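Asker: Before I ask anything, let me first share the structure, which is written out below as structure tokens.
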Amino acid sequence: MKRAQSHQPLSLGFVQPLGLPQRIRHVLRVCLLIGLVGLSWAEGTRELMNGNCANFGFIQIWDNNDPLRNFATYNCPEYARLYVRVAGGERIYMGFHVINPANGNPIGDVYMRLKDPNGNVVFGPINLNNGMAAGWINTCAQAMAGPAALTPGGYNALVYNVPAGLGGNYYIEFAVNNNPTLYQVRQFRWFDVTVARWNGTQWVERRGRLWSRKWDFTTRGANNPFVGTLYTYSTDSVVTSFNFNGMRPWGFEVSCNSFGASNVGTPQQRRRSDYRQNILNAGGIPAAPEYPVFLNDPDPEFYPTGIVASVDSFSVIPCTEMSYCIYVSLSKPGQVSVTLTFPNTSYVPRTFIENLNAGPNCIPWDGTDGNGIPVANGTTVNAQLDFFTGLTHLPLVDVEHHNNGFRVFLVRPTTRPNGTPLPDPRVYWDDILLNDPVNSLDGVQNLTGCQPTPALGCHRWQNRGTNNANPEVINTWWYTNTEQHTFVLNIDPNKWRIFSEILNCGGPNGVQIHFWFWHEIPFSSVSWNISTNPPGLLGTPNPPTVDSTTDPNWTHVWVTYPIVGNGSNVTITFQVSAVSSKYPYCQDQATLSCTVLPVVWAQELEGRAYPGYNALYWATAVEEGIQGFWVERAVDNGPFETLRFIPSQGRGQAYHLRDDNPPPAARWWYRLRIEEAGLPPVYSRTVELLSQEQGPQITIAADARMLHLYSPEPLLVEVYTLLGQQVWQAELTTGSYTLPLPSGAYLLRAGSVVRRFFLP
């Protein structure tokens, strides 16, 4: 084949010594080649072929005549451009050798042009052909040596002198017959783009200037290995190199980014290898290019070395039982992975992958495991944080075989800020979406990392890339540094909780509000507001009374709003919230409302279902201008009906009502209708009673200081003062119990029930 002739060592241009043993002739040939490469000033073929003309590595346009394979073509997207980074006053040398991919022979129908950073054509279009006086590379040896103006034995180059003060990213474009709409594959067997700077006496090469976000290469055969090494520059200024280690890809694209095979979906979905059409169907860009990819270590003058970032702080803040802040503070922006595990339980681990800013960040967690099951209070949670510096994904499009795997190296920086060395990266992949697991030589997935060895790289496969219409996008990733932390969390739902109650809904003392919150919540994080319907009832409150010393766990606040308008039949709504400025996902709020009635409750309506009857209880502190209470009942979802009338007994009285033989139902609702002459009726709160089969029920008969309980299982009942001090506790079963408490207001907690009551 013609390809074999073009790669003979004789193309180096020297004569074999005669009369020497074959092994000696081979060693001499290698030494001469190494010496020639060491003297060369070139950037292009030399790197792709790793300094050896017997290797394979060409650039190409329009592979398979595919419009998506638009590398370095006229008017291609920014990510597909072939860039040359230059400073003003520097010089660009250019040379090419274009072949027909069908037969490997030179072809002269490709044009090239050079654009400045503003998109203006500053050089060309020029027809590339073997009759050119300058710009055509005749032999591999010339490509390896570089421009003849810099190196003896090099090629006669096209030259562009960059105007002073007009540096930046210039870019080279190609087109067949100078027509941007002709999608005909062409290959560049040899090419070179060298940048040089005048040092006062001569022009000196500046390597690490040629780059693209999406290279398109070919080895002109599925069994031809690619041994080149490329370099990528991450967004956090970390340079890593990746050696293809004899991959046999035929034609393939190379791009690097921070997310994976696709730019749509969750972080876990993005990093998975997938078929190109699947990514397009999802609205994504296959192997979406992001990082610049170089043929040499990027010139530090324009691509400086970054600093490896660190984790300044990591903790898990339980805001409420359904809201948590995974708090991470970073020294610089970066991507983190937080994995929550639940030892000795059946909960499934859950992983978050997030791109975070420098400084404090909160990753919200809703308190569920990897299957969406709520994690019970009291569960121990281990949280492990991985922080990635120099995170690089290498999604390759249309690659057939990689039996040797990648070898990845850290180029710079090589140490942490404290001076300790950084190891070369481990390699990761996730090919579970590909339907050829038998072709995955290292397994379809490695999320713990593979360490390449001098003999064998990582992420190996075979027999892929056979479908040119829908090729695979095979992704591999690595990162240069990770910090792991473990935080054991005992979930405590009180850590970011706020409670509130309306002590007095109207009356001579106005509307009295009491709310309390966990002592670790700063008072500055708490806000509240009150509204009335119709408006105009309340005036400006006095300064709140705050007590944060009596109760070691809770801060209590009392606010009183004076009544300045008509206080009858007005609905009052009070809302209090705690939102942390440091932990923005930590928040809780309480909203409650009441209606200003012609009575002031000492105990609002309560009830309990007994076998064969239901009992209701309430008590008043003030009764003004009313005759009594109409008791109304609704069954299941039916309408309310009047049950009976209870005459008023005057202020400070307790009321009982026994509803004998209520209609059979799973639940009943009760309320009180209160009427004043000349005014529309107002209602008490509605209470719901469940049949005893429905679960625990608890009521308090205040005048008799009795607690009535129905519970299928023993239930812990706690009673607190309004300052949060526990005054009584017992584990109770179904029955009635005397409350050995003095007169006053209390809070009762039983399971998930929190209720305020008053003992006269």
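Asker: Hey, among Thr201, Thr235, which residue is modelled with pLDDT under 95, surrounded by fewer than 24 Cβ atoms within 10 Å (Cβ to Cβ) and of a type in the set (Val, Ile, Thr)?
Answerer: Details: Thr201 fails: modelled with pLDDT under 95.
Being modelled with pLDDT under 95, surrounded by fewer than 24 Cβ atoms within 10 Å (Cβ to Cβ) and of a type in the set (Val, Ile, Thr) holds for just one of Thr201, Thr235, which is Thr235.
Asker: Kindly list the number of the only condition in (1) within 30 Å of Gly625 (Cα to Cα); (2) free of Cβ contacts under 8 Å to residues at least 24 places away in the same chain that fails for Thr532.
Answerer: (2)
Asker: How many residues, within the stretch 586-632, are polar (S, T, N, Q), part of a strand (DSSP E or B) and at pLDDT 80 or above?
Answerer: 2
Matching residues to (1) among the small types (Gly, Ala, Ser); (2) without any contact (Cβ under 8 Å) to a residue 40 or more places away in the chain; (3) under 19 Å from Thr194 (Cβ atoms); (4) assigned to a loop (DSSP other than H, G, I, E, B):
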| position | (1), (2), (3), (4) |
| --- | --- |
| Arg207 | no, no, yes, yes |
| Asp216 | no, no, no, no |
| Gly221 | yes, no, no, yes |
| Asn224 | no, no, no, yes |
| Ser237 | yes, no, no, yes |
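Asker: Being surrounded by fewer than 23 Cβ atoms within 10 Å (Cβ to Cβ), in contact with an Asp or Glu (Cβ under 8 Å, 6 or more places away or on another chain) and assigned to a loop (DSSP other than H, G, I, E, B) is the requirement here; does Ala261 meet it?
Answerer: Values: surrounded by fewer than 23 Cβ atoms within 10 Å (Cβ to Cβ): no; in contact with an Asp or Glu (Cβ under 8 Å, 6 or more places away or on another chain): yes; assigned to a loop (DSSP other than H, G, I, E, B): yes.
So Ala261 does not fit the description; no.
Asker: How many of the residues in the stretch 39-75 are surrounded by fewer than 19 Cβ atoms within 10 Å (Cβ to Cβ) and under 15 Å from Glu253 (Cα atoms)?
Answerer: 5
Asker: Mind listing just one residue for me: the one in the stretch 616-633 that is under 54 Å from the mean Cα position of the chain (by Cα) and in the same structural domain as Arg755 (by TED's automatic domain parsing) and, of those, nearest to Pro664 (Cα to Cα)?
Answerer: Applying the filter and picking the extreme gives Leu616.
Asker: Looking only at the stretch 170-180, decide whether some residue is in contact with a Gly (Cβ under 7 Å, 6 or more places away or on another chain) and surrounded by fewer than 21 Cβ atoms within 10 Å (Cβ to Cβ).
Answerer: No, the conditions are met nowhere in the stretch 170-180.
Asker: Name every residue in the stretch 633-688 that is among the aromatic types (Phe, Trp, Tyr) and modelled with pLDDT of 85 or more, in order of residue number.
Answerer: Within the stretch 633-688, Phe640, Phe645, Tyr655, Trp668, Trp669, Tyr670 meet the criteria.
Asker: Against the definition (of a type in the set (Phe, Trp, Tyr) and crowded, with 24+ Cβ neighbours inside 10 Å), how does Tyr291 come out, yes or no?
Answerer: no
Conditions tested, residue by residue: (1) in contact with a Pro (Cβ under 7 Å, 6 or more places away or on another chain); (2) surrounded by 12 or more Cβ atoms within 10 Å (Cβ to Cβ).
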site: Arg608; (1), (2): no, yes
site: Pro639; (1), (2): no, no
site: Gln649; (1), (2): no, yes
site: Arg673; (1), (2): yes, yes
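Asker: Regarding Asn105, is this residue in contact (Cβ under 8 Å) with a residue 60 or more places away in the chain, surrounded by fewer than 15 Cβ atoms within 10 Å (Cβ to Cβ) and under 21 Å from Gly57 (Cβ atoms)? I'd like the intermediate steps shown before the answer.
Answerer: Numbers: in contact (Cβ under 8 Å) with a residue 60 or more places away in the chain: yes; surrounded by fewer than 15 Cβ atoms within 10 Å (Cβ to Cβ): yes; under 21 Å from Gly57 (Cβ atoms): yes.
So Asn105 fits the description; yes.
Asker: So, one more: Filter the stretch 108-141 down to residues that are assigned to a strand (DSSP E or B) and in contact (Cβ under 8 Å) with a residue 60 or more places away in the chain and give me whichever is nearest to Tyr170 (Cα to Cα).
Answerer: For the stretch 108-141, the residue satisfying everything is Arg113.
Asker: While we're looking at this one, here's another question. If you go through the stretch 374-391, how many residues are of a type outside the set (S, T, N, Q), surrounded by 15 or more Cβ atoms within 10 Å (Cβ to Cβ) and more than 15 Å from the chain's Cα centre (by Cα)? Lay out the reasoning, then the answer.
Answerer: First pass over the stretch 374-391, keeping only residues of a type outside the set (S, T, N, Q): 374-376, 378, 381, 383, 385-388, 390-391.
Then drop every residue that is not surrounded by 15 or more Cβ atoms within 10 Å (Cβ to Cβ), which leaves 375, 381, 383, 385-388, 390-391.
Among the residues that remain, those that are also more than 15 Å from the chain's Cα centre (by Cα) are: 375, 381, 383, 390.
Counting residues in the stretch 374-391 that are of a type outside the set (S, T, N, Q), surrounded by 15 or more Cβ atoms within 10 Å (Cβ to Cβ) and more than 15 Å from the chain's Cα centre (by Cα) gives 4.
Asker: Moving to a separate point now. So, Asp703, is that one more than 27 Å from Val570 (Cα to Cα) and at pLDDT 80 or above or not? Walk me through it before giving the result.
Answerer: On the way: more than 27 Å from Val570 (Cα to Cα): yes; at pLDDT 80 or above: no.
Spelling it out, it is not the case that Asp703 is more than 27 Å from Val570 (Cα to Cα) and at pLDDT 80 or above.
Asker: OK, next. Only one of Val348, Val375, Val438 is of a type in the set (Val, Ile, Thr), at pLDDT 90 or above and farther than 28 Å from Val254 by Cα; which?
Answerer: Val348
Asker: Filter the stretch 529-555 down to residues that are under 17 Å from Gln589 (Cβ atoms) and buried (at least 17 other Cβ atoms within 10 Å of the Cβ) and give me whichever is modelled with the lowest pLDDT.
Answerer: Looking at residues that are under 17 Å from Gln589 (Cβ atoms) and buried (at least 17 other Cβ atoms within 10 Å of the Cβ), I get Trp554.
Asker: Follow-up. Just the residues that are assigned to a loop (DSSP other than H, G, I, E, B) and under 56 Å from the mean Cα position of the chain (by Cα), please, taken from the stretch 640-654.
Answerer: The answer is Phe640, and nothing else.
The values are calculated or read from the model by the stated rules, or taken from the named source; none is laboratory data. The model shown is predicted, which means the values in this text are computed figures rather than measured ones. Because the Cβ atoms are built from the backbone with ideal geometry, glycine has one as well, and the counts that use them run over all protein chains shown.
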